[in-house]
1. For the range 339-348, name all the residues that are outside any loop (DSSP other than H, G, I, E, B), crowded, with 24+ Cβ neighbours inside 10 Å and not acidic (D, E).
2. Is the range 213-227 home to any residue that is crowded, with 17+ Cβ neighbours inside 10 Å, within 19 Å of the chain's Cα centre (by Cα) and within 19 Å of I263 (Cβ to Cβ)?
3. Among the numbered criteria (1) over 15 Å from the mean Cα position of the chain (by Cα); (2) assigned to a loop (DSSP other than H, G, I, E, B), which one does F351 miss?
4. List pairs: first residue in the range 97-111 and assigned by TED's automatic domain parsing to the domain that holds A86, second residue buried (at least 18 other Cβ atoms within 10 Å of the Cβ) and in a loop (DSSP other than H, G, I, E, B) anywhere in the structure, Cβ distance under 8 angstrom, at least six positions apart or on different chains.
5. Determine if the range 122-131 includes at least one residue that is among the polar types (S, T, N, Q) and either modelled with pLDDT of 95 or more or under 28 Å from N51 (Cα atoms) (or both).
6. Considering only residues of the range 354-370 that are in a loop (DSSP other than H, G, I, E, B) and touching a strand residue (DSSP E or B) at 6+ places or on another chain (Cβ under 7 Å), which is surrounded by the fewest Cβ atoms within 10 Å (Cβ to Cβ)?
7. Say we look at the range 319-328 and pick out the residues that are over 17 Å from the mean Cα position of the chain (by Cα) and touching a residue at least 24 places away in the same chain (Cβ under 8 Å); which of these is nearest to G232 (Cα to Cα)?
8. Quick check: is even one residue across the range 254-263 surrounded by fewer than 15 Cβ atoms within 10 Å (Cβ to Cβ), under 29 Å from C182 (Cβ atoms) and of a type in the set (A, V, I, L, M, F, W, C)?
Amino acid sequence: MHVTTYRWAKSSGWDINLSQNPDINLVMVFADNPYFSQPQCYEEIKSFFPNADIVGCTSSGNINGSTISDEDMIIAAITFSGTKVAVKSKIIESEDDISSVVTELVKELPDSKLKHLFVLSDGLSVSGSELTRTLNALGIPVTGGLAGDADRFKESWVMVNGPAKRNQIALVGFYGALTASCGFSTGWKEFGPERRVTKSKGNILYEIDHKPALEIYTKFLGELSKDLPGSGLRFPLSVKDSDSDPAYVRTLLGINAEEQSLIFAGDVPQGSSCKLMKTDIDSLIDASIDLANDLAVEGDKQNSLCLAVSCVGRRLVMDQISEEEIEAIQGILGPKNTVFGFYSYGEIAPFGFSSCSLHNQTTTLTFLSE
């Protein structure tokens with residue numbers, strides 16, 4: 001397995017002079033630049049890597065090694081020695097049943113010896129909760145993330161062996177000699193009373209304890225409520241489907257003042273319990289260090305790849321300190337391992353007894369080696 005990374009910026013183009021390389025098997029590309037959505041972007045990448053599967057998405061910031069960058073595009077060109085890759089994609093229309101579409105798409109993957117599945121999805125028009133519930137039936141570890149759009153929350157794009165498109169999902173299946181390990185970190189802590197979700201639909205929360213959700217939320221935030229929805233990224237919800245289930249995190253994406261509702265980056269089931277959460281920067285970094293240390297047992301593999309998908313809300317909370325988290329991860333995994341990824345609108349990783357769950361406000365790492 002060999003990994004080489006490249007960076008493109010509007011002002012300077014590619015940081016390294018690229019030439020055609022037919023030996024590349026897989027190209028991962030993440031971008032925070034409008035060029036990504038233009039057809040010529042894909043055509044340019046394909047001209048350099050004519051035999052590669054090309055998969056990527058828009059981001060809320062790009063991660064390459066120990067560096068975080070914006071308004072650019074990054075590429076990881078990967079050559080495998082004994083690993084096979086199968087890539088499938090689908091446009092999800094508004095009237096589609098996501099579960100049925102994804103179930104049929106999974107059937108198109110070769111069914112023998114699937115080692116790992118990496119998933120990318122439109123981060124605004126596709127329900128990450130429905131997507132992950134369906135993929136959980138595979139029974140193997142699934143990781144990935146929802147495409148971002150910086151802090152604009154207007155449109156997100158996914159590229160799969162063709163020009164980038166909206167409303168698209170991508171499945172990247174790995175077979176053969178690959179070794180994969182993965183995990184996620186949070187660093188958030190619950191506070192305040194536990195409350196009940198008394199009215200919700202999908203990712204829209206209407207009532208908490210039979211009171212308008214926005215009213216309850218703004219009372220907690222006080223002066224910070226004037227900066228909603230942005231300030232809500234600092235106070236996600238901890239949600240438990242039942243008393244016996246583990247809690248998961250949901251990030252605020254928007255509000256509807258007329259309906260007095262809250263819009264989250266994932267489902268908040270009616271009947272579930274919830275608490276507000278808060279954190280500090282040290283707790284976030286420490287949680288990621290613990291995760292990297294857990295994966296570092298694979299760190300002696302030559303030129304391996306660690307795909308990092310981290311939440312945009314986490315980055316906004318950490319601000320300029322975000323790079324310290326990425327530097328710590330890269331430092332622990334060592335120079336033989338390439339840390340590469342993006343800031344997302346939702347992260348996908350195993351959770352509890354599941355093999356695929358949607359997370360918010362986490363950093364997920366997928367360590368791939370041969």
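The values are calculated or read from the model by the stated rules, or taken from the named source; none is laboratory data. Since this is a predicted model, take the numbers as computed values, not measurements. FYI the Cβ positions are ideal-geometry reconstructions off the backbone, even for glycines, and counts take in every protein chain you see.
1. First pass over the range 339-348, keeping only residues outside any loop (DSSP other than H, G, I, E, B): 339-344, 347-348.
Checking which are crowded, with 24+ Cβ neighbours inside 10 Å leaves us with 339, 341-344, 347-348.
If the condition is that a residue be outside any loop (DSSP other than H, G, I, E, B), crowded, with 24+ Cβ neighbours inside 10 Å and not acidic (D, E), then V339, G341, F342, Y343, S344, I348 are the ones that fit.
2. No, every residue in the range 213-227 fails to be crowded, with 17+ Cβ neighbours inside 10 Å, within 19 Å of the chain's Cα centre (by Cα) and within 19 Å of I263 (Cβ to Cβ).
3. (1)
4. Matching pairs, first to second residue: I98/I92; I98/V126; I98/S127; V101/I92.
5. No: the range 122-131 contains no residue that is among the polar types (S, T, N, Q) and either modelled with pLDDT of 95 or more or under 28 Å from N51 (Cα atoms) (or both).
6. Here the residue is E370.
7. I321
8. Scanning the range 254-263 turns up no residue that is surrounded by fewer than 15 Cβ atoms within 10 Å (Cβ to Cβ), under 29 Å from C182 (Cβ atoms) and of a type in the set (A, V, I, L, M, F, W, C).
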